[in-house]
Amino acid sequence: MKAEVITIGSELLLGTRPETNSLFLVDELGRLGIQVRWKTVVGDEEEDIAEALKCALQRNELVITTGGLGSTLDDLTRRIVAKVTHRRLVLKEDLLAKMPKGYEKQALLPARAQVLKNPVGTVPGFMMEVGECHLVVLPGIPYEMKRIFTDSVKGLLQKLVRGARPFHIQVIRTFGLTEAQANEALIETLKDLTGESSEQCLGLVAGPTGVDIYLRGCFGPLTREISILERFKASLRKRLGEAIYSEEGRDMEEVVGFLLKKRGLKLAVAESCTGGLIGHRLTNIPGSSAYFERGVVCYSDQSKVELLGVLREMIARFGAVSAQVASALAKGVRGLAKTDLGLGVTGIAGPGGGTPSKPVGLVHMALAYGAETWCESFQFRGDRGGLKLSFSQAGLDLVRRHLLHL
């Protein structure tokens, strides 16, 4: 069954409010075996909504809209649905009786539409057949939309797609690869499994935390598709090795936390350029107190000296952004916190502060464990926020890779 999700609201096109309804619906529909082929975001303009709706109804077997069902002037969806489907609006007396004053408009539904009750709000959704297509119209408030879908829509759709193969998207997450390197691995894997795996590979996305490879996976008992998917993943694993940090779409901080807890080790972090981001990410994981002891933000040179004992002479000779200072930070924070591991990170997040020899995007980091200290340097590109995220990811990855061999 081909499907499309249309989210309605001019606020979604202003860049000030994230559009999350379609993310929920795409995931839920995939679990029912329904493939979403299109996602459309449209503002509160009558002509634009009508055009999007007409196009969606012609090319799909299922269309779900969210938004525009309230009682204000910009809530146009019910009227446009009636117009596009050539149905009159009917006042539902049972709904009207329960409507608060000023919300009477919400009791109007297209003729022969099935009411979808809203137990957590005032505006109901509705469902109707339009030719060969099923149209589901839901409110735009996320918690109301989710509740109506879960309580009413999901069961109706399960009956429509009985026998379909549920699927979900599996994300293989990597770090330390360029997009070109990841793409080359995909190409070689596709060659290995010619004719079997093209439908399993959906592509890749590069960002500050690495390159994510998207694969389509199936639920249920062992099938030929699952067997192909596992061979696909095995081939990627062989080519990419430790660059893969998760095959289940987990974030780096969750993976590092799992490894620390599994080995019974504790970590402390000294952060300069990341400003506490590594500690923030680690403590976002429930139970992180079992393995994360403390984080020290030593942004200025003075704080590096006073808090962690970095020598002024070292900073003067090598600079605050150097492998030597990163190593001193790692050893200093481990000694201060009396932990098994200490991580130190120092770099230049920009947009200013760079030089020809130490450009913006340069980061040095070190990991102290036992009698050894490992140092690494990276050169990233991006804006200040993206660089801080890349720096934090590289620091966590340094911890991860060493934990794999302990």
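Throughout, read-outs are computed from the coordinates displayed, never taken from laboratory work. Quick caveat: nothing in here was measured; it's all calculated off a predicted structure. Cβ: placed from backbone, ideal geometry, glycine included. Neighbour counts: every protein chain shown.
Listed values, structure above:
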item	result
Karplus (6.51, -1.76, 1.60) ³J(HN,Hα), θ = phi - 60°, over the range 232-248, in Hz, Gly and Pro reported as x	4, 5, 5, 5, 5, 4, 5, 7, 9, x, 6, 5, 7, 9, 7, 9, 10
Summed side-chain charge close to ALA290 - residues other than ALA290 whose Cβ falls under 9 Å, Lys, Arg +1, Asp, Glu -1	+2
Antiparallel content of DSSP bridges confined to the chain, in %, to 5	60 percent
Order by protection proxy (mean Cβ within 10 Å, highest first), peptides 351-358, 48-55, 111-118	48-55, 111-118, 351-358
Cα long-axis angle, helix 252-263 against the chain (0 to 90 degrees, to the nearest 10)	60 degrees
Packing-based exposure ordering (other Cβ within 10 Å, fewest first) of CYS298, CYS375	CYS375, CYS298
Under 5 Å, built H, 5+ apart or other chain: amide partners of GLY43	GLY9
Cut-off 12 Å between beta-carbons: net charge of the residues surrounding SER392, Lys and Arg +1, Asp and Glu -1	-2
Order of SER377, SER246, SER272, SER327 - criterion: other Cβ atoms within 10 Å of each residue's Cβ, fewest first	SER377, SER246, SER327, SER272
Value of relative contact order over the chain, rounded to a whole percent, pairs C-alpha under 8 Å and six or more apart	11 percent
Local net charge near VAL41, Cβ-Cβ under 12 Å (Lys/Arg +1, Asp/Glu -1)	-3
Proximal lysines relative to LYS105, as straight alpha-carbon distance under 17 Å, when same-chain residues fewer than 8 apart are discounted	LYS83, LYS92, LYS117
The range 2-160, relative contact order in percent, only Cα pairs under 8 angstrom and at least six apart counted	23 percent
Values of log10 I(q)/I(0), in the order q = 0.10, 0.16 Å⁻¹, for the range 72-185 under a Debye, Cα-only, solvent-free model	-0.44, -0.80
Test item: Cα-centred dipole of the chain, Lys/Arg +1 and Asp/Glu -1 on Cβ, debye	800 debye
Long-range amide H partners of ASN118 with built H, under 5 Å	GLY125
Inter-site label distance for VAL90 and ASN284 at 7 Å from Cα along Cβ, in nm	4.9 nm
P(r) of the chain over all Cα-Cα pairs, binned every 10 Å from zero, in whole percent	4, 18, 21, 19, 18, 13, 6, 1, 0
Rounded to 5, percent antiparallel among DSSP beta bridges of the range 2-160	40 percent
